[in-house]
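The values are calculated or read from the model by the stated rules, or taken from the named source; none is laboratory data. Quantities reported herein were computed from a predicted structural model and do not represent experimental measurements. Glycine also receives a Cβ, built like all others from the backbone with ideal geometry; neighbour counts cover every protein chain displayed. Accessible surface areas use protein heavy atoms only, side chains included; no ligands, DNA or RNA. Shrake-Rupley method; radii C 1.70, N 1.55, O 1.52, S 1.80 Å.
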Amino acid sequence: MSDSQTQVGRPRAFDLDKALQKALEVFWEKGYEGASLPDLTEAMGINKPSLYAAFGNKEQLFLKAVELYENRPCAFFKPALLQPTAYQVAEHMLFGAAAANADPSHPKGCVVVQGALSCSDSANNVKQALIEKRRNGELQLQQRLEQAKAAGELPADADCGALASYLVVQIQGMSIQAANGASAERLQQVAAIALQGFKAMLQPG
């Protein structure tokens, strides 16, 4: 085998999945703009050329990290949408948010909520990408509630858009509270109160 063939067939000197997980942890802790390239390369155990070759620029790396975040086994949002009733959707989502946002095994809060709440003009693409992700999540939730309404679980005059916004506001608020130091127990209390409010909205007017 020639030297050129050896170079082409040589595997990467680092694990892509592990490096991306490390990048996620940095972004989760520091936000998009707060995470510098030296922060990222040090955590990932690679140099800048390797980062660019494997993941693209910092913006592309962040969006890949967010995709990894959304598809973690412990993610709660998508599984919540698969629950059999509207009440169980809300229950799974609210208590899932309480547990995930205050989990001591990783930085507190939610990357999609906090990753780029305020950014300079240079990071506007990232900010808009996260805004779109949050909007899409709320729309998916609204569509799931509309299915429940069609099945007779919700009153005929229920505003599924408002109900979805209500749940999303609770979830996003818990993310901010967790980042401020709220405990899992306190967030569970918040989830219980929010679930009572949601249940009340399901009663005929």
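Of the candidates Q60, Q172, Q188, which one comes out as most mobile in a Gaussian network treatment of the chain with C-alpha springs shorter than 10 Å?
Checking each option, the largest mean-square fluctuation is seen for Q60.
Probe of 1.4 angstrom, ligands and nucleic acids ignored: what's the accessible area per residue over the chain, in square angstrom? Please report the intermediate quantities before stating the final value.
On the way: 11170 Å² over 205 residues.
Computed with neighbouring chains in place, this is 54 Å² per residue.
Picking from A150, A179, A192, which is most flexible by a Gaussian network model of the chain using Cα springs under 10 Å?
Residue with maximal mean-square fluctuation among A150, A179, A192: A150.
May I ask for the net charge around G137, where only other residues with Cβ less than 13 Å from the Cβ of G137 are counted and Lys, Arg are +1 while Asp, Glu are -1? Could you put the intermediate results ahead of the total?
Details: positive: K78, K133, R134, R135, R144; negative: E70, E132, E138.
Around G137, the charge tally is +2.
Return a whole-number percent for the relative contact order of the chain, with Cα pairs under 8 Å and 6 or more residues apart as the contact set.
Details: 205 pairs, mean separation 46.6, N = 205.
After rounding, I find 23 percent.
Given a Förster distance of 22 angstrom, what is the FRET efficiency for S36 paired with N57, based on the Cβ-Cβ distance and rounded to 0.05? Could the numbers behind the result be given before it?
On the way: r = 13 Å, r/R0 = 0.61.
Once rounded, the FRET efficiency stands at 0.95.
So if we plug the beta-carbon distance of L16 and L139 into 1/(1 + (r/R0)^6) with R0 = 25 Å, what FRET efficiency do we get, rounded to 0.05?
Numbers: r = 31 Å, r/R0 = 1.25.
So the FRET efficiency works out to roughly 0.20.
Mind running the shape call on the stretch 111-205? Use the C-alpha gyration tensor, a ≥ b ≥ c as the square roots of the eigenvalues: rounded below 1.5 for a/c, prolate if a/b tops b/c, oblate otherwise. Show your work: numbers first, answer last.
Working: a/c = 3.62, a/b = 1.45, b/c = 2.49.
It comes out oblate by the Cα gyration axes.
I'd like to know how the chain sits against the 2.2 N^0.38 Å rule of thumb: what's its Cα Rg over that expected value?
Values: Rg = 20.3 Å, N = 205, 2.2 N^0.38 = 16.6 Å.
Dividing the Cα radius of gyration by 2.2 N^0.38 Å gives 1.22.
Ratio of the stretch 23-106's C-alpha Rg to 2.2 N^0.38 Å, to two decimals?
On the way: Rg = 16.0 Å, N = 84, 2.2 N^0.38 = 11.8 Å.
Scaled against compact globular proteins, the figure is 1.35.
Tell me the angle of helix 86-101 to the major Cα principal axis of the chain, expressed in degrees between 0 and 90 and rounded to the nearest ten.
40
In the stretch 104-155, how does Rg compare with the Kirkwood Rh, expressed as the Rg/Rh ratio over alpha carbon atoms? Could you put the intermediate results ahead of the total?
Numbers: Rg = 15.9 Å, Rh = 13.2 Å.
Result: Rg/Rh = 1.20.
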